Amino acid sequence: MDVREKTKVARLSIISNTILTAGKLVVGLSINSIGIISEAIHSGLDLMAAIIAYASIRESNKPADDRHQYGHGKFENLAAIIEALLIFAAALLIIREAVPKLYTAHKVESLGLGMVIMGVSAAANLYVSSRLMRVAKQTDSPALAADAWHLRTDVITSLGVLVGIVAIKLTGLYIIDPIIAILVALMIVKAAFDLLRESVGSILDVRLPDEDEKAIKEVLQKYDGLCVDYRNLRTRKAGPEKHLDFNLVVPQDKQIVSIHALCDQIESDLRIRIPSLHVIIHPEPCMPEKEDCDLCHIRLTYRQKNCAGKNCGICLDCCPEHEKNAPGAE
C-alpha cells in the first residue's frame, strides 16, 4: 500500500469532519443543546487533526535530504502529539461550556433533530475511523492512527450524547445534557493521554514493541551456524519507519566479501519479516580474550565432527582448539 492510499483516507477524514462539524454546530445552536454543541467542538478539533494528519503524511513520505538525513518519518509522530493536545483542548472547552449549565436550567428543544444528527455522526465516524485504522495498521502510520482514534472517540461520545437526549426525552430532566457533556470530556481526556504517551515515546526513541523484537531475534537465530554472535541490539521508531542496529560477531578469517553477503542476506530476511525495518549491521571479528570461542556455534559444531586430530579448515584461527588439533601439533 503506497502513500496515495494514506492521503486518500486522510482527505476522506477532512471531508467527513467538515460536514459533521457544520451539521452539529447548526443543530446544537438551533435546539440549545450543550451536549451537541460540545460534539461540534469535538468534531471541529477532529477536523483540525485530520488536516494536520494529511499534511504530516505528505511531509513524512518525502525522501531524505541534506537537512533530514534520516528521512522525515518523525513528522507523523509530531502530528500525533499535536492531535493529542488538540483533544485535551476540546475536553477543556466542553467542560467550560457544560459546568455553568449544571446550575442554570436550560431547555433543550427539538430532541428528535438532535437524535438524528448524533446518529448520523456516529455512523459516519465509525465508517471513516474503520478505514483510517485499517490503513494505519497496514502502513504503521501514527498520524493516521491518531486521526482514527479521534474519530473512534467521537463515535463513543456521539452515542453518549444520543443516550443523553433519549434520557431527557423520557425523564424531562434537562440537567442530563451538561452531565453527558462532562462525561464526554472525561472520555476525550483519556483518549488524549493514551495518544500523547505513545507519540512522545516515539519521539524519544523508545524501543520497538516486544513482538517486533522477538521477530528480529528469531531471524538472527537462524544464522547461528554462519556467525559467532550478535550484540548491542537497539531498536527505535520514526513515524511509520522502524530502525534496527546491532553488532554482528563473525569469524576472524572470514573474507569481507563473504561478510558483506551475509549481512545483505540477514537484512533481506529481516525486511521480509518486518517490511518497514531499516537495518544497520556493524560486523566485528571474534575475540578469544572476550570468550567468544565459548559462544561460537561454528567452532563447536565442526570441531565435534571434523577436528579429531586434523585441521578441518573451518575452525577459527583464534580458537585454541584449532592449534591443538592442527597437523603436527603436539
Taking the Cα centre of the stretch 39-182 as origin and charging only Cβ (+1 Lys, Arg; -1 Asp, Glu), how large is the dipole, in debye to the nearest 20? 200
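Ordering E211, E5 from largest to smallest accessible area (1.4 angstrom probe), what's the sequence?
E211, E5
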Using a Förster radius of 35 Å, what is the FRET efficiency between E5 and I179 based on their Cβ-Cβ separation? Nearest 0.05, please. 0.30
Rounded accessible area of S60 (nearest 10 Å², 1.4 Å probe): 10
Expressed as a rounded percentage, what relative contact order does the stretch 84-186 have, with Cα pairs under 8 Å and six or more residues apart? 41
Leaving ligands and nucleic acids out of the surface, order M287, M48 by accessible area at 1.4 Å, largest first. M48, M287
Integer Hz, Karplus 6.51/-1.76/1.60 couplings in order for the stretch 181-197, x for Gly and Pro: 4, 5, 4, 4, 4, 5, 5, 5, 4, 4, 4, 5, 4, 4, 5, 5, 4
Please give the per residue accessible area of the stretch 84-204, computed with a probe of 1.4 Å over protein heavy atoms only, in Å². 47
Within the stretch 165-262, what is the number of lysine pairs with alpha carbons under 17 Å apart, leaving out pairs fewer than eight places apart on the same chain? 4
What spacing in nm lies between the two simple spin-label points modelled at R271 and T18, each 7 Å away from Cα in the Cβ direction? 3.8
So if we plug the beta-carbon distance of V99 and Q138 into 1/(1 + (r/R0)^6) with R0 = 35 Å, what FRET efficiency do we get, rounded to 0.05? 0.25
Using a 1.4 Å probe over the heavy atoms of the protein chains, calculate the carbon and sulfur portion of the accessible area of the stretch 130-196 as a whole percent. 76
Label zone at S130 (point 7 Å along Cα-to-Cβ), backbone N below 14 Å, the stretch 144-173: 152, 155
Mind giving me the FRET efficiency for E211 and V120? R0 is 41 Å, r the Cβ-Cβ distance, nearest 0.05 is fine. 0.60
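The values are calculated or read from the model by the stated rules, or taken from the named source; none is laboratory data. On a predicted model such as this, the values are computed, not experimentally measured, just so you know. With ideal geometry, Cβ positions are generated from the backbone for all residues, glycine too; neighbour counts draw on all protein chains shown. Protein only, heavy atoms only, side chains kept; ligands, DNA and RNA dropped before computing areas. Shrake-Rupley method; radii C 1.70, N 1.55, O 1.52, S 1.80 Å.
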